[in-house]
Amino acid sequence: MAESVIVVCDSCGTKNRIPRDRIDQGPLCGRCKQPLGREQIFTAPVTATDQTFDQEVLAHRGGVIVDFWASWCGHCKTMEPVLSGLAKAYAGRIKIVKVNVDENASTAARYRIMSLPSLVFFKAGKVVDSTVGALSRGEIETRLKPLL
C-alpha cells in the first residue's frame, strides 16, 4: 500500500486520505470537490508573526502546534530538530508553527508566554493544551493525539 497523508480541506474541513505520490496531480476534496494540494501539506514548521498568527494558526481548521521560542534559548534549539521531524512525520495532519517571542511580543503576551520553549496546541483555532520546557518527541506525540 502506498504511503498516504491526510489533508484537511481548507474549504469544508473534511479529512481526505491522499497517496503522497498523487499530491501533485490535483486531488479534490471528497466532500466539497475543492482542490487539495501541496500548499495544505506542511512538511516543515511555518513561521508566524504578530501580523500572520491569526491566519496561520486560528484560521487553520486542523491541529496546530505553536512553538514559542527565542534565538538565545538553548532548550529551544534542542527542540528544533524534534519539531522538524514531527512536521515531516505528520504532514497533512498537523501544522507546526514557530513564533519568535523577541520579534513578536504581542502574540507572546496574548498567550501569556513567560518561559521558553513553550508549546501551545490548537485544534480548529482553540487552545486545547500547552506545555513549558523541552519535551521529547514521544511526549509531544502523546499530547498531539487529540489534535488528529
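Filtering the range 61-72 down to residues that are over 10 Å from the mean Cα position of the chain (by Cα) and outside any loop (DSSP other than H, G, I, E, B), which residue is nearest to LYS123 (Cα to Cα)? Write out each step before concluding.
Here is the first cut: in the range 61-72, the residues over 10 Å from the mean Cα position of the chain (by Cα) are 61, 68-72.
Within this subset, residues satisfying the condition of being outside any loop (DSSP other than H, G, I, E, B) are 68-69.
Numbers: PHE68: 17, TRP69: 20 Å.
Among those residues, the one meeting the criterion is PHE68.
In the list LYS88, LYS98, which residue meets the criterion of being surrounded by fewer than 17 Cβ atoms within 10 Å (Cβ to Cβ) and either in contact with a Leu (Cβ under 8 Å, 6 or more places away or on another chain) or modelled with pLDDT under 90 (or both)?
Numbers: LYS98 fails: surrounded by fewer than 17 Cβ atoms within 10 Å (Cβ to Cβ).
Selected residue: LYS88, the only one of LYS88, LYS98 that is surrounded by fewer than 17 Cβ atoms within 10 Å (Cβ to Cβ) and either in contact with a Leu (Cβ under 8 Å, 6 or more places away or on another chain) or modelled with pLDDT under 90 (or both).
Do any residues in the range 14-42 that are over 20 Å from LYS95 (Cβ atoms) have Cβ atoms under 8 Å from those of residues that are surrounded by fewer than 12 Cβ atoms within 10 Å (Cβ to Cβ) and modelled with pLDDT under 85, where the two are at least six apart or on different chains, and which pairs are they?
Going by the 8 Å Cβ cut-off, the qualifying pairs are PRO19/ALA2; PRO19/GLU3; ASP21/ALA2.
Examine the range 73-93 for a residue that is more than 11 Å from the chain's Cα centre (by Cα) and either outside any helix (DSSP H, G or I) or more than 20 Å from ILE140 (Cα to Cα) (or both), and state whether such a residue exists.
Let us first name the residues in the range 73-93 that are more than 11 Å from the chain's Cα centre (by Cα), namely 73-82, 85, 89.
Imposing the further condition that a residue be either outside any helix (DSSP H, G or I) or more than 20 Å from ILE140 (Cα to Cα) (or both) reduces the set to 73.
Yes: one or more hits.
Counting only residues that are surrounded by fewer than 22 Cβ atoms within 10 Å (Cβ to Cβ) and in contact with a Phe, Trp or Tyr (Cβ under 8 Å, 6 or more places away or on another chain), which one in the range 61-78 is nearest to GLY133 (Cα to Cα)?
CYS76
Scan the range 1-60 for residues that are modelled with pLDDT under 85, of a type in the set (D, E, K, R), surrounded by fewer than 13 Cβ atoms within 10 Å (Cβ to Cβ) and assigned to a loop (DSSP other than H, G, I, E, B) and jot them down.
The answer is GLU3, and nothing else.
Please state which of the following conditions ARG93 fails to meet, knowing it meets all the rest: (1) surrounded by fewer than 21 Cβ atoms within 10 Å (Cβ to Cβ); (2) at pLDDT 95 or above.
That leaves (2) as the condition not met.
Yes or no: the range 61-81 includes at least one residue that is hydroxyl-bearing (Ser, Thr, Tyr) and touching a Lys or Arg at 6+ places or on another chain (Cβ under 8 Å). Give the derivation first.
So in the range 61-81, the residues hydroxyl-bearing (Ser, Thr, Tyr) come out as 71, 78.
Filter again for touching a Lys or Arg at 6+ places or on another chain (Cβ under 8 Å), leaving none.
Looking for residues that are hydroxyl-bearing (Ser, Thr, Tyr) and touching a Lys or Arg at 6+ places or on another chain (Cβ under 8 Å), one finds none in the range 61-81, hence no.
The values are calculated or read from the model by the stated rules, or taken from the named source; none is laboratory data. Remember, predicted model here, so these are calculated numbers, not experimental data. As a convention, Cβ positions derive from the backbone with ideal geometry for all residues, glycine included, and neighbour counts pool all protein chains shown.
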